[in-house]
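Just below is one structure, and these are the notes that go with it.
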Amino acid sequence: MKNQQEKSIVIMLKTIKERIDKKFIIRLVKFGVVGGSGVFVNMFLLWFSKDQLNLPLTIASLVAIGVSIFTNFVLNNFWTWKDNSTKNKYSFVHRMWRYYITASLSAAINYITLIVLSEYVGIYYLISNLIGIGFGMIFNFGLGEFWVFKKEDHE
């Protein structure tokens with residue numbers, strides 16, 4: 001039984017290694033840079049909306065998330081997945097609505113994490129927001145890679 005488990009783990013690791021190539025790593029780094037800019041946009045707008053405009057945290061967060069989704073889509077479309085641009089399976093508008101679906105799910109992860117950690121656990125809201133962004137980012141990259149910016153299947 002143990003030998004079979006070891007073989008399964010080796011096969012799984014080989015499969016992961018085969019799927020992770022130089023382009024994938026570069027794309028992941030670019031995604032991180034875009035995400036960093038999105039974190040800046042999100043954090044600034046959250047702070048500005050809550051502390052300067054005195055919006056409730058629940059509304060300020062939605063404003064910040066909504067704007068950062070748009071800026072991240074544009075940067076990811078024209079930079080992170082630029083190598084897919086002529087080979088994309090879907091049109092720009094189709095990719096955009098797919099990105100908004102993906103980002104909305106990521107935003108829900110971000111939002112729920114923010115509210116739960118800040119309102120119920122007592123963690124400072126900007127720290128809670130960063131944690132939520134991290135969880136959402138992992139989800140968002142996976143769907144971006146395999147659904148939103150997918151290349152044609154015949155390649």
Rounded to the nearest 500 deg cm²/dmol, what is the calculated helix-only ellipticity per residue at 222 nm for the chain, with -39500 (n - 2.57) per DSSP H run of length n ≥ 4? -23500 deg cm²/dmol
Order of Thr113, Thr71, Thr80 - criterion: other Cβ atoms within 10 Å of each residue's Cβ, fewest first: Thr71, Thr113, Thr80
Once phi for every residue in segment 122-134 is put through the Karplus expression 6.51 cos²θ - 1.76 cosθ + 1.60 (θ = phi - 60°), the whole-Hz ³J(HN,Hα) values, with Gly and Pro written as x, are x, 7, 3, 4, 6, 5, 4, 5, 4, 4, x, 4, x
Let me know the number of lysine pairs in segment 2-148 closer than 16 Å at the Cα, not counting same-chain pairs under 8 apart. 7
For the chain, take the alpha-carbon Rg, divide it by the Kirkwood Rh, and send me Rg/Rh. 1.07
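Highest mean first, how do 25-32, 43-50 rank when packing is the count of other Cβ atoms within 10 Å averaged over residues?
43-50, 25-32
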Under the definition of Cα pairs under 8 Å and six or more residues apart, what whole-number percent is the relative contact order of segment 2-148? 21
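Rule-based calculations on the coordinates, nothing more; no lab input. Predicted model only: the values in this text are computed from it and were never measured. As a convention, Cβ positions derive from the backbone with ideal geometry for all residues, glycine included, and neighbour counts pool all protein chains shown.
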